[in-house]
Amino acid sequence: MMLCISEFTNAIKPFMGRVFRRYFPLLALLWILLVLYPNPLNLIVSLQRAFNPNIDPVSVESLSRDLPSDPVAIENAMLQQIPYSYDWESYGMPWYVPTVEEVLERGEGDCKAMALVLASLFEAKNIPYRISWSPIHMWVEYEGKEETPIENARVKFYQQDPETGERAFRLPEIAFSDVMDSFWQAFWNPMPGVRKALLLFGLPALIKLRLLKKR
């Protein structure tokens, strides 16, 4: 029995070596994906929700009752209700689009969480709005909304009008340095130390194995 296992191992080694050499970039990407998303389904779900936001006026019904009909006042109240928190801190992953129920349950969230809650409040109050994305931010536009350095027509690349279903894409005017700063603050800084170690040491280990397979 031991001899059979040894023969099988010796026979499969060349095959595994060829697979490792040929598909090394794919294996490296798979490693990064699994480190960041142990359950890759969360990334797939988030991508679906990003372009089809889960607006849920029913979940915010009790919250909306005590709010006025002024959209600016509603946004200010929502900002006090939902403290800012990175996805790493709230959901244990670098980028996640939650449901409104998840945001209210945790009582915190990043710009995506706040935008979903605000849009749901506007939906409950019958206030027209549009959802906008830039490479580093998600926000809700409405009549009377003041532009900010990260919420303006120049930086957005995607906008959706839930009432009409209209979607618009454009090239954003945003500095690469701003994108990198946002990436560093939201992705790297709050990442758990164990995940950082897996990325920093796992990838070099794969590269070393790749070089050994060349010999």
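Scan segment 79-117 for residues that are within 21 Å of GLN160 (Cα to Cα), in a helix (DSSP H, G or I) and either over 18 Å from the mean Cα position of the chain (by Cα) or charged (D, E, K, R) (or both) and jot them down.
Once the filter is applied, which keeps residues that are within 21 Å of GLN160 (Cα to Cα), in a helix (DSSP H, G or I) and either over 18 Å from the mean Cα position of the chain (by Cα) or charged (D, E, K, R) (or both), segment 79-117 yields only LYS112.
Which of the residues that make up segment 38-66 are within 26 Å of PRO192 (Cβ to Cβ) and assigned to a helix (DSSP H, G or I)?
LEU41, ASN42, LEU43, ILE44, VAL45, SER46, LEU47, GLN48, ARG49, ALA50, listed by residue number.
When the residues of segment 72-108 are filtered to those that are in contact with a strand residue (DSSP E or B) (Cβ under 8 Å, 6 or more places away or on another chain) and among the β-branched types (Val, Ile, Thr), which remaining residue is surrounded by the most Cβ atoms within 10 Å (Cβ to Cβ)?
Looking at the filtered set, the residue picked out is VAL103.
Please indicate, with yes or no, whether at least one residue in segment 177-186 is under 24 Å from ASN54 (Cβ atoms) and at pLDDT below 95.
Taking every residue of segment 177-186 in turn, at least one turns out to be under 24 Å from ASN54 (Cβ atoms) and at pLDDT below 95.
Which residue pairs have Cβ atoms under 7 Å apart, sit 6 or more places apart or on different chains, and have a first residue in segment 63-92 that is within 10 Å of GLY109 (Cα to Cα) and of a type in the set (Gly, Ala, Ser) and a second that is at pLDDT 95 or above and surrounded by 18 or more Cβ atoms within 10 Å (Cβ to Cβ)?
SER85/GLY109; SER85/ASP110; SER90/GLY109
Considering only residues that are among the acidic types (Asp, Glu) and touching a strand residue (DSSP E or B) at 6+ places or on another chain (Cβ under 7 Å), which ones fall in segment 109-129?
If the condition is that a residue be among the acidic types (Asp, Glu) and touching a strand residue (DSSP E or B) at 6+ places or on another chain (Cβ under 7 Å), then ASP110 is the only one that fits.
Is it true that SER69 is surrounded by 20 or more Cβ atoms within 10 Å (Cβ to Cβ), more than 14 Å from the chain's Cα centre (by Cα) and not in a helix (DSSP H, G or I)?
Criteria not met by SER69.
So, in segment 126-175, exactly how many residues are touching a Phe, Trp or Tyr at 6+ places or on another chain (Cβ under 6 Å), in a strand (DSSP E or B) and either surrounded by fewer than 18 Cβ atoms within 10 Å (Cβ to Cβ) or among the basic types (Lys, Arg) (or both)?
Number satisfying all stated conditions: 2.
The values are calculated or read from the model by the stated rules, or taken from the named source; none is laboratory data. Keep in mind that this is a model prediction, so the values were computed, not measured. Using ideal geometry, Cβ is built from the backbone for each residue, glycine included, and neighbour counts are taken over all protein chains shown.
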